[in-house]
Amino acid sequence: MSRLVVVSNRIADPRKTAAGGLAVALAEVLNNAGGLWFGWSGKVIDDAEDDDVVFQRAGPVTLAMVDLSQADHDAFYLGYSNGVLWPVFHYRLDLADFDAGYISGYRRVNQLFARKLLPLLKPDDVIWVHDYHLIPLAAELRALGCKQRIGFFLHIPLPPPLMLAAIPGHDWLIRALFAYDLVGFQSKADLDHFAGYVESEAHAQPVDDGRWRAFGRTVQAGAFPIGIDVQEFTELAHAPEAVELYERMRLEYSRRKLLVGVDRLDYSKGLPQRMRAFREFLTKNPDLRSSATLIQIASPSRENVSAYTEILHELESLCGSINGNFGELDWMPVRYIHRTVARARLPGLYRASRVALVTPLRDGMNLVAKEFLAAQNVDDPGVLVLSRFAGAAEQLREALLVNPYDTEGTAAAILLALQMPVEERRARHEALMQTIRRYDVHWWCDSFLAALERTQSEEKGTSWLRL
Ligand code: ADP
Ligand code: F6P
């Protein structure tokens with residue numbers, strides 16, 4: 001059997017808590033399949049170029065890590081990945097910083113990754129590259145002579161063609177995708193955007209079943225919505241740490257219904273809009289005021305990028321003003337916690353909550369929505385209020401779908417969720433569980449790798465790349 005080599009910028013010990021869909025899903029995959037996980041060590045040092053790869057054994061997985069220099073970290077991670085690609089791919093052209101210097105740092109780190117990874121590869125390895133930080137990695141590997149099959153999965157959305165075209169050098173970026181054998185997206189909408197872009201901007205010809213030909217190469221592309229390990233997460237809900245938290249929350253909030261939000265503190269997650277919708281709900285429903293509490297957990301993320309500092313201040317100020325205006329001596333409407341919660345405790349928090357507010361302005365998938373469902377008591381389940389702009393909304397049709405920009409509409413959905421009779425909650429939950437069970441993390445991994453295996457191998461010459 002071929003060895004699986006996973007490559008991503010962020011890597012994490014798969015036995016520990018990490019916030020972020022990519023780290024959580026890849027930990028599940030590698031804990032089962034074993035293999036090599038190559039990526040950034042998380043360390044920024046003076047002279048990373050000459051550093052050796054550091055290896056660490058983590059259960060069945062070998063972590064292979066490289067450091068980044070300060071200049072590379074700033075240009076590659078903060079600059080191009082999170083200052084250009086992240087905002088544009090999340091439809092936020094207004095937040096993009098198109099500093100011309102970033103792209104060379106982005107390319108340099110992809111070349112560094114290729115150079116350090118190549119000697120670790122075995123001839124029959126299957127390589128699976130993840131996310132927007134590493135779009136040109138296959139092209140750089142091919143340029144060094146790599147012949148193995150390489151798949152790419154984009155964890156974040158792909159925007160419509162004209163928005164993508166706002167990125168200086170967008171043609172270079174998309175051409176680099178043609179060095180992969182398979183490119184996977186979270187949703188059909190993302191795949192349609194890819195097709196629209198390559199056909200209109202690169203004059204690609206659609207070939208049979210999800211293949212496109214351009215730049216003298218054919219690439220296979222498909223939608224592979226990511227899932228969670230439903231069984232493991234359901235079991236986690238019955239483990240002592242989750243049960244203990246669940247019982248404490250139920251006792252403390254016995255007279256109240258809980259609403260919960262769990263996110264990285266990111267502007268794509270729609271946190272200020274969520275708070276405004278909750279404030280609108282409190283304003284419109286004075287009789288229900290002291291019977292509902294919103295717990296918002298927001299883990300720190302990318303704090304060196306200015307848009308993240310701004311969203312932090314905006315959120316703090318909104319939570320403060322809601323509590324100041326609506327709070328009572330014995331009740332605060334919002335509990336805001338700026339921290340990562342241990343993974344083992346999350347199901348307890350989800351299970352104690354009547355409503356989950358998963359209301360991103362744009363999101364590749366959103367695993368929190370699926371985790372909330374998996375943690376519920378099937379006899380008395382909570383209600384998922386889900387943004388129609390999350391990738392998960394393509395699958396989770398029985399959730400209460402909202403437009404997070406519509407404050408009144410979201411407030412009305414909160415009321416509906418809090419008052420929904422148990423029969424309707426059960427029916428919706430059962431249908432949603434069927435979907436997340438069928439399309440779980442194992443389905444995601446197996447279907448992607450099987451599709452990669454089926455791709456027809458092609459001459460991997462590199463002259464066409466001209467990156
Ligand atoms: P993203 O990848 O954009 O962060 P997802 O919802 O897909 O969004 O994935 C987030 C993952 O990180 C989930 O598994 C969730 O449980 C975890 N997570 C997010 N925020 C926190 C937090 N504050 N504490 C603990 N885990 C978190
Ligand atoms: O899932 C989206 C994602 O960007 C992942 O690529 C990443 O691991 C996660 O969010 C957290 O972001 P970061 O690695 O920048 O902390």
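Here are the numbers for this structure:
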{"read-out": "FRET efficiency, 1/(1 + (r/R0)^6) with R0 25 Å, evaluated for A427 and D287 via beta carbons", "value": "0.35"}
{"read-out": "Percent of Cα-Cα distances greater than 19 Å, calculated over region 115-256", "value": "60 percent"}
{"read-out": "Part-to-part distance (alpha-carbon centres) for region 209-231 and region 106-141, which is given in Å", "value": "18 Å"}
{"read-out": "Euclidean distance between Cα centres, region 37-98 to region 304-325, Å", "value": "27 Å"}
{"read-out": "Simple Cβ-charge dipole of region 1-151, Lys/Arg +1 and Asp/Glu -1, about Cα centre, in debye nearest 20", "value": "680 debye"}
{"read-out": "Charge dipole (the chain, unit charges on Cβ, about Cα centre) - positive-most of L449, A114, M163", "value": "L449"}
{"read-out": "Cβ crowding within 10 Å averaged over residues, with 413-420, 247-254, 73-80 ranked highest first", "value": "73-80, 413-420, 247-254"}
{"read-out": "Label zone at L416, where the point sits 7 Å out along the Cα-to-Cβ direction: region 344-368 residues whose backbone N lies under 20 Å", "value": "354-362"}
{"read-out": "Approximate spin-label separation L118-Q205, in nm, with each point projected 7 Å along Cα-to-Cβ", "value": "3.2 nm"}
{"read-out": "Prolate/oblate/rounded call for region 241-354, Cα gyration tensor, a/c under 1.5 rounded", "value": "oblate"}
{"read-out": "Test item: Cα-centred dipole of region 117-220, Lys/Arg +1 and Asp/Glu -1 on Cβ, debye", "value": "280 debye"}
{"read-out": "Prolate/oblate/rounded label for region 14-124 (Cα gyration tensor, a/c 1.5)", "value": "oblate"}
{"read-out": "L144 paired with D379, simple spin-label distance in nm, labels 7 Å along Cα-to-beta-carbon", "value": "5.8 nm"}
{"read-out": "Residue order for D190, D47, D406 - accessible surface, 1.4 angstrom probe, largest first", "value": "D47, D406, D190"}
{"read-out": "Between 0 and 90°, nearest 10: helix 306-326 axis offset from the chain longest Cα axis", "value": "10 degrees"}
{"read-out": "Electrostatic dipole magnitude of the chain [Cβ: Lys, Arg +1; Asp, Glu -1; Cα centre; debye, to 20]", "value": "540 debye"}
{"read-out": "Lysine pairs meeting the criterion (Cα under 19 Å, 8 or more apart or interchain), as found in the chain", "value": "9"}
{"read-out": "Extension gain, D446 back to E408 (0.36 nm per residue minus Cα-Cα distance, nm)", "value": "9.5 nm"}
{"read-out": "Three-way shape call for region 285-401 based on the alpha-carbon gyration tensor, with the a/c threshold at 1.5", "value": "oblate"}
{"read-out": "Stokes-Einstein D for region 329-467, Kirkwood Rh over Cα pairs, 4 °C, 1.567 mPa s (µm²/s)", "value": "74 µm²/s"}
{"read-out": "With all protein chains modelled, accessible area of S200 [1.4 Å, Å²]", "value": "60 Å²"}
{"read-out": "Cα long-axis angle, helix 102-117 against the chain (0 to 90 degrees, to the nearest 10)", "value": "70 degrees"}
{"read-out": "Projected label distance in nm at S306 and D171, using a 7 Å step from Cα toward the beta-carbon", "value": "3.1 nm"}
{"read-out": "Euclidean distance of C-alpha centroids, region 360-395 and region 148-164, integer Å", "value": "23 Å"}
{"read-out": "Area accessible to solvent at I228, 1.4 Å probe radius, in Å²", "value": "10 Å²"}
{"read-out": "Among F194, P347, A221 the positive-end extreme of the charge dipole of the chain (Cβ point charges)", "value": "P347"}
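The values are calculated or read from the model by the stated rules, or taken from the named source; none is laboratory data. Predicted model, so just to flag it, every value in this text is computed and none were measured. Cβ atoms come from the backbone with ideal geometry, glycine included; neighbour counts cover every protein chain shown. All accessible areas refer to the heavy atoms of the entire protein, side chains included, with ligands and DNA or RNA removed. Shrake-Rupley method; radii C 1.70, N 1.55, O 1.52, S 1.80 Å.
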